[in-house]
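*Asks:* Before we start, here is the structure in question, set down as structure tokens.
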Amino acid sequence: PPSSRPQASSDLLDFGDGPAAAPRAAPQREDTWTELVLDPLMSMTPDQFQTTWVRLAQSGQLTVQFSRIPDAGLIEDALAQHLIRVMAQGQPTPMIRKYFFYGVGMAGGGALLCEATLDCNSGQMVCLFRCEETSLTAPLASVFSAALATLGAK
């Protein structure tokens, strides 16, 4: 996980070799999950993400198994369909992909953050969640599970 101290926005993945990816534009569709309503217009800067990540405790975890490793862009797109945006992604080692995702809840739901690590050897992805409103952790995990299932995750 990221360091317990806030770092420069360009160092979210602990690469130190360039700026983090810019947030993608919000998809133009309504969220279909009644338990989790995300704001399609809200976004976060890398500094806001890092500060919020450090402030919040882990509120949940999801582990999924891929039989075939999907392309990085497919994972991002599957989650974007549910208004979950990628803050940064990269490969700290050749066989590990790391993603930082976020969403912003409507009506004071606050930030919903996820650090996802995909082991390309085993096909296992571990998603660690930190939510300002901890009651939204289970619905967030359900969104991740359903979105990744469209790519063959079990």
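The values are calculated or read from the model by the stated rules, or taken from the named source; none is laboratory data. Everything quoted here is computed from the prediction, not taken from an experiment. Ideal geometry is used to build each Cβ from the backbone, glycine not excepted, and the neighbour counts take in all protein chains shown. Remember, those area values only see protein heavy atoms, side chains included, never the ligands or the DNA or RNA. Shrake-Rupley method; radii C 1.70, N 1.55, O 1.52, S 1.80 Å.
*Asks:* For the stretch 42-74, give me each residue that is at pLDDT 90 or above, hydrophobic (A, V, I, L, M, F, W, C) and under 16 Å from Val86 (Cα atoms).
*Replies:* Met44, Phe49, Trp53, Ala72, Leu74 - these are the residues of the stretch 42-74 that are at pLDDT 90 or above, hydrophobic (A, V, I, L, M, F, W, C) and under 16 Å from Val86 (Cα atoms).
*Asks:* Of all residues in the stretch 78-99, how many are at negative phi and in contact with a Pro (Cβ under 9 Å, 6 or more places away or on another chain)?
*Replies:* Residues in the stretch 78-99 being at negative phi and in contact with a Pro (Cβ under 9 Å, 6 or more places away or on another chain): 9 in total.
*Asks:* Need a quick list: strands (runs of 3 or more DSSP E) entirely within the stretch 66-138 having at least 1 residues that are of a type in the set (Ser, Thr, Tyr), loosely packed, with under 15 Cβ neighbours inside 10 Å and without any contact (Cβ under 8 Å) to a residue 24 or more places away in the chain.
*Replies:* Working: elements: 85-93, 96-105, 110-119, 124-131.
In the stretch 66-138, the matching strands (runs of 3 or more DSSP E) lie at 85-93.
*Asks:* While we're looking at this one, here's another question. Residues that are touching a strand residue (DSSP E or B) at 6+ places or on another chain (Cβ under 7 Å) and under 18 Å from Gly152 (Cβ atoms): does the stretch 98-106 have at least one?
*Replies:* Start the filter on the stretch 98-106 by keeping residues that are touching a strand residue (DSSP E or B) at 6+ places or on another chain (Cβ under 7 Å), which leaves 98-106.
When the remaining residues are screened for being under 18 Å from Gly152 (Cβ atoms), the result is 99.
Yes, the stretch 98-106 contains a residue that is touching a strand residue (DSSP E or B) at 6+ places or on another chain (Cβ under 7 Å) and under 18 Å from Gly152 (Cβ atoms).
*Asks:* Name, by its number, the condition in (1) touching a residue at least 12 places away in the same chain (Cβ under 8 Å); (2) open to solvent by 20 Å² or more (accessible area, probe 1.4 Å) that does not hold for Leu148.
*Replies:* Among (1) touching a residue at least 12 places away in the same chain (Cβ under 8 Å); (2) open to solvent by 20 Å² or more (accessible area, probe 1.4 Å), Leu148 violates only (2).
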